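Heads up, the thing below is written out as structure tokens.
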Amino acid sequence: MNRTLPPELFVNFLALSSDAVVAVDEAQRIIFFNKGAERIFGWTAAEVGGRPLATLLPERFHSTHTGHVRGFAAAHGAARTMGERQQISGRRKNGEEFPAEASIQQMHVGGEQIYAAMLRDISPRQRAEDALRLAVKARDDMIGIVSHDLRNPANAVKMLAMSVIAESAALPEPITERVRVILQAAVQMDTLIQDLLDVTRLETGRLNVTARRTPIHELMHAATTALRPLAEGCGVGFEVIVADDVTDVLADPERITQAISNLVGNSLKFTASGGHVSVNVARRGGFAEFQVRDTGVGIPPDQLAHVFDRFYRACVELTARRHGAGLGLPIARGIIEAHGGSIRMESEYGHGTLVVFTLPFAD
Ligand SMILES: Nc1ncnc2c1ncn2[C@@H]1O[C@H](COP(=O)(O)OP(=O)(O)O)[C@@H](O)[C@H]1O
Ligand SMILES: [Mg+2]
């Protein structure tokens, strides 16, 4: 589609390029060195004109191709296709070595072989990548510590507290009561650790979901049985309604139970005694649609957009003391999306909140 343009224009293009453009003749002497090359290598065109290409390469590569430098491409020893972008090492005038991405072309001009290289200094990018790699490693190390070194003792406390409670008949009531508090704290700690692990897995794409055909009633029974006594304890009405035409869904029952517990748990946390929480399941197109609705405090409109961000907690005076770590919603979303469903939240501040999510049907 390009018009035929005068050759001088191309020379100007090359001169303008912020990448280095370097050409050498058959004897590997530098015959073209643009502004980008001057900036990257620190030499002026006048200084390097006629010098061997080796001037631009780290010394350790010199001996390997004395007399037969096939341009930058050979810098790393490996055989490479001409014209393809590849990573090489360059050397600046001050001796500093730097990583670069280059593409090299062999050309025949006026009966002469010419090698032209376009080269981009990628050291800033590489530095950023190195920093990122370090950060990811630090995070993975941290996860290792959290998952093993922190989880094991939390579990030990949990198990031992449970075993003491099991023998509570032999103990005075005030002691048993304190052990119950210890157990509750250990359970909270374990839940938080698991949540932290889950958000990290979400970010690294390692959140495992094994969806299988699951009858809806089985799923809802598993997901809500433990929530009824919780609702009762909060003095909040709780009901689950499943439409007749909703059949088997594709779900990982354990993960969906986790998501529903998070959502209903939120509704119970943010709804005062006397309020109401419901879960409705209905058919909507190819999906089963779940609506978790409460008559609680709601979320101010300007904060609604952030509730799925990790560690985000809406700032509502009444609820401040009930916040968790702000991981429940991002995890729930991760779980639902891993099933191929979607999730969203609507809220009327002061009146209540609705979370809608979908799961695919099994057929
Ligand atoms: N049903 C709800 N009613 C009112 N606010 C809610 C509701 N669900 C979530 N929120 C708000 O969204 C925030 C994030 O929820 P979540 O990720 O589950 O974190 P957490 O429950 O640990 O605080 C909560 O802190 C709360 O401010
Ligand atoms: Mg929560």
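The values are calculated or read from the model by the stated rules, or taken from the named source; none is laboratory data. A quick note: this is a predicted structure, and the numbers were derived from the prediction, not measured. Here the Cβ is made from the backbone with ideal geometry for all residues, glycine too, and neighbour counts use every protein chain on show. The accessibility values were calculated without ligands, DNA or RNA, using every heavy atom of the protein model including side chains. Shrake-Rupley method; radii C 1.70, N 1.55, O 1.52, S 1.80 Å.
How much mean residue ellipticity at 222 nm does the chain get from its helices, if each DSSP H run of length 4 or more adds -39500 (n - 2.57) and you divide by all residues, to the nearest 500 deg cm²/dmol?
-12000 deg cm²/dmol
Within the chain, what percent of beta bridges assigned by DSSP are antiparallel, to the nearest 5? Numbers along the way, then the final one.
Values: 52 of 58 bridges.
Counting DSSP beta bridges with both partners in the chain, the antiparallel share is about 90 percent.
Could you grab the relative contact order for segment 127-203? Cα pairs under 8 Å, six or more apart, rounded to a whole percent.
39
At what distance in nm do the modelled label points of A362 and A170 sit from each other, each positioned 7 Å from its Cα along Cα→Cβ?
4.8
Taking all protein chains as present, what is the carbon and sulfur share of the accessible area of segment 157-281, in % to the nearest whole number, probe 1.4 Å? Present the calculation step by step, with values, prior to reporting the outcome.
Details: 3960 of 6770 Å².
Heavy-atom surface of segment 157-281 belonging to carbon and sulfur, 1.4 Å probe: 58 percent.
Which part of segment 178-214 falls in the paramagnetic zone of D140, meaning amide N under 20 Å from the point 7 Å along Cα-to-beta-carbon?
196-208
Obtain the nm distance between the two label points defined at R344 and R228 by a simple spin-label model: each point lies 7 Å from its Cα along the Cα-to-C-beta direction.
According to this spin-label approximation, the distance is 3.3 nm.
Between L132 and T210, how many nm apart are label points set 7 Å from Cα along the C-beta direction?
Using points 7 Å along Cα→Cβ, the separation is 3.3 nm.
Take the alpha-carbon centre of segment 106-160, take the same for segment 200-247, and report the distance between them in whole Å.
Each part's Cα centre sits 38 Å from the other's.
Do any GluC sites (Glu not before Pro) in segment 9-56 lie in a loop, going by DSSP, with at most 15 other beta-carbon atoms within 10 Å of their beta carbon, and if so which?
Details: sites: E26, E38, E47; in loops: E26.
Taking segment 9-56 and a limit of 15 other Cβ atoms within 10 Å, the loop GluC sites (Glu not before Pro) found are E26.
At 1.4 Å probe radius, can you tell me the per residue accessible area of the chain in Å²?
It amounts to 56 Å² per residue over the chain.
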